[in-house]
Amino acid sequence: MKLFRNPEIKREILYYIIVYLAGAALAFRQLGGKGAGIVLPAGAAALVLHLCFTAKRYRRIAQMSEKMDSILHDDGETLLQDCQEGELAVLHTQLSKLVLRMREQAGNLQQDKIFLADALADISHQLKTPLTSLQLLASFLQEDEVSTERRREIARDIVTLLGRIDWLVYALLKMSRLDAGTSGMKEETVSVAELTEQAYQLVAVSMDLRDIRWDCQVAPETSFTGDMSWSVEAVGNILKNCMEYSEPGGAIHVTGTENPLYTELVIRDEGKGIAPEDLPHLFERFYRGKQNSTESVGIGLSLAQKIIVQQNGTIQVKNAPDRGAVFTIRFYKTVV
């Protein structure tokens, strides 16, 4: 029998026989043959019952072992529900939970692999375009008949493309830190007035060159709990997006308010707005809508959303009733 393959069963039987024989000898000594005649059958019956119950318990363990083996070989097996009481039932339940957790983690790992493959494909595509342009411009520079003015134009184009690649790599490194949970965000009191001023300085020169006016109305005491440097990064990316889609002579309006529930920052531009079909995808990584700017690589808004969400915040975008896009950022005071 398979039962006797277990060394603990052999030890139990050995100990039982020793006690059984000692009891029989004691009964024979005290009560004679009649006492031994009672003890011997009773002891044998007890041993048989014990072995029967033990065999049943080990069969259940063997069934669970077979199920686990099937699950490990991924043949679609699942542990059956066991509503009985007892230690084996508890073990069965815990194993069921373990199987569910393992399958959930396996599913998450598969999704991560798909996400990584898609991300690498997107990164490759984003880098391929400027690199191809750089190769083409470099070939132009090798021509002897290129004029000095043309060389200057090519040099400016090369600098622009290198800046685009540098920004893409910088943004991807930032996003990888956020994805890996190694951003090291602080929890400090962030002044919204100071935040918007620092974010504005990132695009101030470009806005001035494009003749875009800056209109900021934020009360000095407006604040929230978060990380100043990361928040400047997020708001700066949103301002950059608004600037790229604004027309010369327009303006970017910023207002900041605070209430007992959240701190709200509203950023509105005076551009053409966002196409309705682009609104649901605006914060997707590398997404570029129909009205995309040639300077955009489609990662700034995705990075901004990640930063805001990790600070217990939300961001929404919609088109203004008259014209332009409106970004509404809320930093909640409690977890939502």
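Quick look at the values:
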{"quantity": "Check on E197, assigned to a loop (DSSP other than H, G, I, E, B) and either assigned by TED's automatic domain parsing to the domain that holds G271 or under 29 Å from the mean Cα position of the chain (by Cα) (or both)", "calculated": "no"}
{"quantity": "Pick from the range 58-72, criterion at pLDDT 75 or above and of a type in the set (K, R), ranking: surrounded by the most Cβ atoms within 10 Å (Cβ to Cβ)", "calculated": "R60"}
{"quantity": "Subset of the range 15-45 [at pLDDT below 70 and either closer than 30 Å to A89 by Cβ or outside any helix (DSSP H, G or I) (or both)]", "calculated": "G32"}
{"quantity": "Some residue of the range 157-166 being within 27 Å of D118 (Cα to Cα) and in contact with a Ser or Thr (Cβ under 8 Å, 6 or more places away or on another chain)", "calculated": "yes"}
{"quantity": "Pairs where the first residue, in the range 168-184, is over 14 Å from G300 (Cβ atoms) and the second is among the hydroxyl-bearing types (S, T, Y) and at pLDDT 80 or above, C-beta under 9 Å, 6+ apart", "calculated": "none"}
{"quantity": "Which listed residue is under 30 Å from R103 (Cα atoms) and modelled with pLDDT of 70 or more, from V90, V48", "calculated": "V90"}
{"quantity": "Qualifying residue in the range 132-144 (condition: among the hydroxyl-bearing types (S, T, Y), surrounded by 13 or more Cβ atoms within 10 Å (Cβ to Cβ) and either on the phi > 0 side of the Ramachandran plot or part of a helix (DSSP H, G or I) (or both))", "calculated": "yes"}
{"quantity": "Within the range 299-314, tally of residues that are without any contact (Cβ under 8 Å) to a residue 60 or more places away in the chain and of a type in the set (A, V, I, L, M, F, W, C)", "calculated": "1"}
{"quantity": "Residues within the range 235-290 that are aliphatic (A, V, I, L, M), over 22 Å from L168 (Cα atoms) and surrounded by 15 or more Cβ atoms within 10 Å (Cβ to Cβ), tallied", "calculated": "8"}
{"quantity": "M175 being part of a loop (DSSP other than H, G, I, E, B) and within 21 Å of the chain's Cα centre (by Cα)", "calculated": "no"}
{"quantity": "Test for F53: is it under 30 Å from D179 (Cα atoms) and modelled with pLDDT of 70 or more", "calculated": "no"}
{"quantity": "From D208, D122, D166, D157, residue being among the acidic types (D, E) and in the same structural domain as I307 (by TED's automatic domain parsing)", "calculated": "D208"}
{"quantity": "Hits in the range 251-267 - residues which are touching a residue at least 40 places away in the same chain (Cβ under 8 Å) and over 30 Å from the mean Cα position of the chain (by Cα)", "calculated": "I252, V254"}
{"quantity": "The range 210-248, subset part of a loop (DSSP other than H, G, I, E, B), of a type outside the set (S, T, Y) and touching a strand residue (DSSP E or B) at 6+ places or on another chain (Cβ under 8 Å), residue farthest from S191 (Cα to Cα)", "calculated": "I212"}
{"quantity": "Whichever residue in the range 146-172 is at pLDDT below 85, assigned to a helix (DSSP H, G or I) and of a type in the set (G, A, S) and, among such residues, is nearest to F286 (Cα to Cα)", "calculated": "A171"}
{"quantity": "Selection from the range 283-321 of residues that are of a type in the set (A, V, I, L, M), assigned to a loop (DSSP other than H, G, I, E, B) and at pLDDT 85 or above", "calculated": "A320"}
{"quantity": "Qualifying residues in the range 178-194 (those that are outside any strand (DSSP E or B) and among the acidic types (D, E)) - the one nearest to D112 (Cα to Cα)", "calculated": "D179"}
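So that you can scan it fast, the table gives a plain yes or no per residue for (1) acidic (D, E); (2) buried (at least 17 other Cβ atoms within 10 Å of the Cβ):
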{"residue": "D157", "(1), (2)": "yes, no"}
{"residue": "L161", "(1), (2)": "no, yes"}
{"residue": "A171", "(1), (2)": "no, yes"}
{"residue": "M175", "(1), (2)": "no, yes"}
{"residue": "G181", "(1), (2)": "no, no"}
{"residue": "G184", "(1), (2)": "no, no"}
{"residue": "E188", "(1), (2)": "yes, no"}
{"residue": "V192", "(1), (2)": "no, yes"}
{"residue": "T196", "(1), (2)": "no, yes"}
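The values are calculated or read from the model by the stated rules, or taken from the named source; none is laboratory data. Note that this is a predicted model, so its numbers are computed, not measured. With ideal geometry, Cβ positions are generated from the backbone for all residues, glycine too; neighbour counts draw on all protein chains shown.
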